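Before any comments, here is the structure.
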Amino acid sequence: MTASSASPPRVTVVVVSYNTREDLRRCLASVRAHAGVSCQVVVVDNASADGSADAVTGEFPEAQVIRNRENVGFSRANNQAIRNATAPYVLILNSDAELLPGALPTLAARLDTKPRLGAVGPRIVGPSGTVEVSFGPELRPLAEWRQRRLVRGVKRRRPAALRRAEARAAEEHGPAWVSAACLLARKEALDAIGGFDEGYFLYEEDVDLCLRLRHAGWDVLFTPAAGVVHHIGRSMRADPGRARLEYHRSHLRFYRKHNGAALAAALRLFIGAGAALGWLGSLGPGPTRRQRRLDHARILSVALGFNNI
């Protein structure tokens, strides 16, 4: 998995972890078994309380571990590792993802043969083999509505949505973005745009990254020739309220940066109205309703601009 002194690494594998110990072990085992190229491996642990960092040190001594004292978020943690990268290519890999055989050499071959390719993503499937919608169009309202409809349809196993998703994932093409669940990027391109925008704590940082790559003259590619299994979203299941809050915060940040003041204001209104209605709908006694009111109040505060985005 690691490079010898006679074989400098072709790829720096970056894995950010937050309380995903068993997933992280499975992820790194897949890298060790299936990398297929010489790698430098960097794990950034965001102050996990489940022994993730110690598990990596004990079981994967070839990996460098960066131990953060607090959860600094996905973007900032990735940038910490990217700054330590010594290879020309950087693989951003979620801790709940597993490389399939041949995936990394296939992705690297695309960068080898396409000098202006800044990032490439593989076909991603869930544990059952169902395709994941891991690429898409620019986040504008109509395109985003269509994308959400497709994602919901795939999640609910609707036949028409599954057919559409499979058809889209069967062809190599250049989408607006590919998912950072697994994304191989040219380090030169990442350095040119300053890496991930650290204003995103979680969600949509990959869409922002790909958009900035494209604006800087780099291409983005999806290829079904490489495959990854993704056990999606495990790190945030323990705190779904925080996950929703960070999603809305990131969504607003993206619109403010890329879609103009009018659309950003419209999104604020939409999110704020939904949060207010949710707060009213959760009135009543009991700790569950009280927590829901708190979650909706936090989202409303973001929509009203009381929290930095």
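Structure data summary
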quantity	calculated
Within the range 1-88, trypsin sites (Lys or Arg not before Pro) in DSSP loop having at most 10 other beta-carbon neighbours inside 10 Å	ARG69
Sorted by Cβ neighbour density within 10 Å, fewest at the top, the residues PHE201, PHE270	PHE270, PHE201
Listed residue (LEU283, LEU300, VAL44) projecting farthest to the positive dipole end of the chain, Cβ model	LEU283
Only Lys, Arg (+1) and Asp, Glu (-1) charged, at Cβ; the range 240-303 dipole about Cα centre in debye	140
Among ALA192, ILE66, PHE254 the positive-end extreme of the charge dipole of the chain (Cβ point charges)	PHE254
With at most 10 other Cβ atoms within 10 Å, longest stretch of the chain clear of loop GluC sites (Glu not before Pro) (DSSP)	172-309
Whether the range 24-102 is rounded, prolate or oblate, judged on the alpha carbon gyration tensor where a/c under 1.5 counts as rounded	oblate
Relative packing of 274-285, 116-127, 215-226, which averages over residues the other C-beta atoms within 10 Å, highest first	116-127, 215-226, 274-285
Table column - 3J(HN,Hα) (Hz), the range 172-186, Karplus curve with 6.51, -1.76, 1.60, x for Gly and Pro	6, 7, x, x, 5, 8, 10, 6, 7, 4, 7, 8, 9, 10, 7
Isotropically averaged projected area of the range 209-309, using the convex hull of Cα atoms (one quarter of hull area), nm²	9.0
Span-like helix ranges in the chain, DSSP H, alpha carbon extent 20 angstrom or more, Kyte mean at least 1.0	260-281
Label selected from [x] 27.1, 90; [y] 21.8, 70; [z] 19.5, 67, the criterion being Rg and Dmax of the Cα atoms in Å as computed here	[z]
Fraction of alpha-carbon pairs over 14 Å apart in the range 104-160 - percent	66
Charged-residue dipole, Cβ positions (Lys, Arg, Asp, Glu), the chain about Cα centre, Debye nearest 20	1280
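Laboratory data are not the source of any read-out in this text; all were calculated from the coordinates shown. Being a predicted model, the structure only gives us computed values, none of them experimental. Every residue, glycine among them, receives a Cβ derived from its backbone with ideal geometry; neighbour counts consider all protein chains shown.
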